[in-house]
Structures are given as structure tokens and as C-alpha cells.
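The values are calculated or read from the model by the stated rules, or taken from the named source; none is laboratory data. Everything numeric in this text was worked out from a predicted model, so none of it was measured. As a convention, Cβ positions derive from the backbone with ideal geometry for all residues, glycine included, and neighbour counts pool all protein chains shown.
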């Protein structure tokens, strides 16, 4: 096992703790994966293993077709979906899946989350779209994720009657997108209990998204002020962060 794979196994194990921290999972549902740089491999959670038992040793390594390469456990049942995303979206290096309560409620209704908050415009560049219904067990879910997000600036998709999948430049970015997806799903649900939320004009959404992903936050030394076009170049450091989509 090379050092980069071991580092990713440690990171992916730790990021599953962030899913618990942000209230995005129950029992053993949900998973995080990371692409191994320069290899057709990924690190992903093992199937059905308790979050309390997750560590670098229990993480598994598969190829992008879902075949086990390293590890003592069977990979997540969502491995085929993650692998399909990596094969067809080379800019993506992290994928997360959750059944977080409010976002999954929107998925059950097959209803996109409308962009009625400036935070949504910043983070998602518009509504959070709904992907098609697909059964687990092959790459049908992955195909739906790719087809939907290829037509959207959002790093999150609500798969119909299923749950949330998010993508990012790395696994940490994808976890951040999952946390923010649940937050806006909850807030907009609550707003609808009070009345009809007012939409934001598309021109304003575009301006907010462009600003947030080009000039907002603190630049590291030597870093360009321009972020990747999808705008998912964030890192999750807790309730507050230091760059891009990390904080308000």
C-alpha cells in the first residue's frame, strides 16, 4: 500500500465522522469516497459497517468498476454509482451519499430545491436539481447523477425517492456540499410553512455565484483568485472556513 492510498484511507474514515457531526446519517446509511490521484482507484466505506468501527484499516480500495483491490470488507453498495461518477467526471475527486432528513424529503417529492436564499446562490449557483429514479445495484444511479449534474452548476443532486449525492474537487468538498444541501433544504422547508418564498432573479444568482467563487474569502499565498468553474473547490473546516464555499 503506497502512502497516498493510506492517507486517503485515513481521510475518508475521518470524514465519515463529519457526516455524523452534521446530522446527515443514521445507523450505517451514507458513504464517502475519494479518488486515488493518478490511478483508476477509489477509497470508499465498507458495506454495513458501524460508523464507530470505521478507521483507515476498515476502509476499502476498489477500481472504478467497483472491484475490490485492497481491504478486508465488501465495499459499499453504492460503489458502482461512485465509480461511474469518477469515470465520467474527471474533475471530481470526491463523492458523498446521504439520506439526510430534509433533503431526502424533497427527493421523495421529486421536487428541486428552489434558489430562494443568497447562500444557495453562492454555494449551488441555482436550484438543487432532482435526478431520475434508479435502483441500486449497478451504475444506473451513477448515470443519473452524471446526467443531472452535467447540466447544472450544483454540486448536489436529489436522486428521486432515494437521497442526496454530492461531488467535489476532493472528498472534503463533497462532504461540505452535503452539509449545505441539508441546511438549505431545512431552511426552505421552514420558509414554506410561513408562506411562499420569493425567488431570486437569475441575474442576481449569477452575480452572487460569480462573486463567491472568484473574490470571496482569503487567498493562500500563491493561490489564484479564480476557482474552478463548477465552484466546488471548498474545504470543510467546521461551521466556519477560510476559502471559497467554506464560510459566509
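At a glance:
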item: In the stretch 95-104, the residues that are surrounded by fewer than 21 Cβ atoms within 10 Å (Cβ to Cβ) and touching a helix residue (DSSP H, G or I) at 6+ places or on another chain (Cβ under 7 Å); result: 102
item: Candidate set from the stretch 94-130 (those that are in contact (Cβ under 8 Å) with a residue 60 or more places away in the chain and more than 18 Å from residue 179 (Cβ to Cβ)); member that is nearest to the chain's Cα centre (by Cα); result: 126
item: Options 191, 178, 174, 156: the member that is out of contact with any helix residue (DSSP H, G or I) (no Cβ under 8 Å at 6 or more places or on another chain) and crowded, with 24+ Cβ neighbours inside 10 Å; result: 174
item: Pick from the stretch 81-93, criterion over 12 Å from the mean Cα position of the chain (by Cα) and within 17 Å of residue 45 (Cα to Cα), ranking: surrounded by the most Cβ atoms within 10 Å (Cβ to Cβ); result: 81
item: Cβ-Cβ under 9 Å pairs, at least 6 apart or on other chains, the stretch 142-158 side under 19 Å from residue 169 (Cβ atoms), far side modelled with pLDDT under 95 and surrounded by fewer than 18 Cβ atoms within 10 Å (Cβ to Cβ); result: 153/229
item: Candidates 241, 222, filtered to the one that is more than 13 Å from residue 116 (Cα to Cα), at pLDDT below 95, outside any helix (DSSP H, G or I) and within 23 Å of the chain's Cα centre (by Cα); result: 241
item: Near pairs, Cβ below 9 angstrom, 6+ apart or cross-chain, from the stretch 55-73 (at positive phi and free of Cβ contacts under 8 Å to residues at least 60 places away in the same chain) to any residue that is buried (at least 16 other Cβ atoms within 10 Å of the Cβ) and assigned to a loop (DSSP other than H, G, I, E, B); result: 66/139; 71/58; 71/59
item: Residues located in the stretch 17-32, provided they are over 15 Å from the mean Cα position of the chain (by Cα), without any contact (Cβ under 8 Å) to a residue 40 or more places away in the chain and surrounded by fewer than 16 Cβ atoms within 10 Å (Cβ to Cβ); result: 21, 27
